[in-house]
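See below for the structure under consideration.
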Amino acid sequence: MEITKLQLYSYRNYLSCEVNFDSGLNVICGENAQGKTNLLEAVYFCVVGKSFRASREKEVINLNSDIAKIKVYIKKDIGESTVEIIFSRKQKKTIKINGIPIKKISELLGEFNGVFFSPDELKLIKESPEDRRRFMDIDISQTSKQYFYLLSRYNQILQNRNKQLKANISLADLKNIMKIWNEQLSECALKIAKFRQNFVLTLAPYAKNAHSYLTDGKEDLSIEYVGIKENTKQEIINVLEKNLDKDLALGYTSYGPHRDDIKVSINNVDVRTFGSQGQQRTCALSLKLAELNILENVTNTKPVLLLDDVLSELDDNRKKRLLEYCKNTQTLITCTEFDYNINCKKIIIKNGNIIQNEKNQ
Ligand SMILES: Nc1ncnc2c1ncn2[C@@H]1O[C@H](COP(=O)(O)OP(=O)(O)OP(=O)(O)O)[C@@H](O)[C@H]1O
Ligand SMILES: [Mg+2]
């Protein structure tokens, strides 16, 4: 799968622009604050249907406009398609696939696959388990709509259960109500845990390989799913029942996939606590490259790799190895300076305008 063209209209600091991409490496170059990240944000918007940085989506609309538009042209192994997103200050955004509006965001999943990486992704290693759960969820959802539905169902049941924990009812009544919620929650929980376990098991060897490649064999990366150990629905129900007093005191459900995590180690040492900045960065990158491999395997087509500002973060050796690694995947990479004499397409951006969109050599 490849993106051949991107069109933007009144999107952030772009008034109107069109960019063409090549199959291999596409380098998006420009000074600070010119619109490089905005461009990647727009592309990734079409992958997941939301922004990786705007919590209020209307902020992507150019300050002097009332609407904004993103359109990507996708070349697939068989055929072509377009994904279009139209933002308006007054209405909800509209997403169209091949010109036809979709009703639910889940219809977009799988239409255009991509993996995004920015220095911000460091939080994948450093920050709370929530970031690592989001990582699993986005990935698994891209390859399984069933998982996507399962997750929203789980969250809904969890919310209901938590509401009951805070409600002022007698213990006997509560125990009765909990029977229903525990039954439903445990069913979803078990399925989600299985999905995630499998995901991490599949991811682990790819991440190990990518990391070994980037570090020239110096570092051994391992990852592990940390979550539900129970193997049956009944075992999960037992834990939920056992925890009732504790949950009542806390006012929320203390056990379940919403507390899952991934443990990341280099040479058997926990990276989150002991890793250097560079190691943590490389780890996050290795996880993303592994993600790309998995998506490729499951969907039978290579996703697009979107790398924001990663080069400035790595030492020369790791930089070169990364670019080498990206050669066989369509990659859109941003940087402030690019002086490598390699075969790529160079896109130069100045103040929301594309001033060059040509081959480097
Ligand atoms: N809705 C908007 N309307 C107009 N301009 C906007 C809007 N949202 C963001 N911008 C502007 O877009 C500019 C470019 O942002 P972007 O993050 O893409 O820069 P960049 O090229 O990635 O820079 P850096 O190298 O610092 O990462 C910013 O100066 C910002 O003010
Ligand atoms: Mg940027």
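Quick notes on this one:
- Of the numbered criteria (1) of a type outside the set (Gly, Ala, Ser); (2) in contact with a Pro (Cβ under 9 Å, 6 or more places away or on another chain); (3) modelled with pLDDT of 95 or more, the one GLN142 fails is (3).
Matching residues to (1) modelled with pLDDT of 95 or more; (2) buried (at least 17 other Cβ atoms within 10 Å of the Cβ); (3) within 16 Å of ligand 2 (Cβ to nearest atom); (4) on the phi > 0 side of the Ramachandran plot:
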site: LEU289; (1), (2), (3), (4): no, yes, no, no
site: LEU292; (1), (2), (3), (4): no, yes, no, no
site: THR299; (1), (2), (3), (4): no, no, no, no
site: LYS302; (1), (2), (3), (4): no, yes, no, no
site: LEU307; (1), (2), (3), (4): yes, yes, yes, no
site: ASN317; (1), (2), (3), (4): no, no, no, no
site: GLU324; (1), (2), (3), (4): no, no, no, no
site: ASP339; (1), (2), (3), (4): no, no, no, no
site: ILE355; (1), (2), (3), (4): no, no, no, no
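- Positions within the range 27-63 being part of a loop (DSSP other than H, G, I, E, B) and out of contact with any strand residue (DSSP E or B) (no Cβ under 8 Å at 6 or more places or on another chain), in sequence order: ASN32, ALA33, LYS50, SER51, ARG53, ALA54, SER55, ARG56, LEU63
Quick grid of which residues meet (1) assigned to a helix (DSSP H, G or I); (2) modelled with pLDDT of 95 or more; (3) within 11 Å of ligand 1 (Cβ to nearest atom); (4) hydrophobic (A, V, I, L, M, F, W, C):
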{"position": "LEU15", "(1), (2), (3), (4)": "no, yes, yes, yes"}
{"position": "SER65", "(1), (2), (3), (4)": "no, yes, yes, no"}
{"position": "ILE70", "(1), (2), (3), (4)": "no, yes, no, yes"}
{"position": "ASP77", "(1), (2), (3), (4)": "no, no, no, no"}
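- Residue in the range 196-205 that is surrounded by fewer than 18 Cβ atoms within 10 Å (Cβ to Cβ), assigned by TED's automatic domain parsing to the domain that holds VAL271 and under 21 Å from CYS326 (Cβ atoms) present: yes
- Test for LEU332: is it at pLDDT 90 or above, within 18 Å of the chain's Cα centre (by Cα) and buried (at least 17 other Cβ atoms within 10 Å of the Cβ): yes
Residue-wise test of (1) at positive phi; (2) in contact (Cβ under 8 Å) with a residue 12 or more places away in the chain.
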{"residue": "LYS5", "(1), (2)": "no, yes"}
{"residue": "LEU8", "(1), (2)": "no, yes"}
{"residue": "TYR11", "(1), (2)": "no, yes"}
{"residue": "SER16", "(1), (2)": "no, no"}
{"residue": "GLY24", "(1), (2)": "no, yes"}
{"residue": "GLY35", "(1), (2)": "yes, yes"}
{"residue": "CYS46", "(1), (2)": "no, yes"}
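The values are calculated or read from the model by the stated rules, or taken from the named source; none is laboratory data. Remember, it's a predicted structure, so these values are computed and weren't measured experimentally. Quick reminder, even Gly has a Cβ in these numbers, built from the backbone with ideal geometry, and neighbours come from all protein chains shown.
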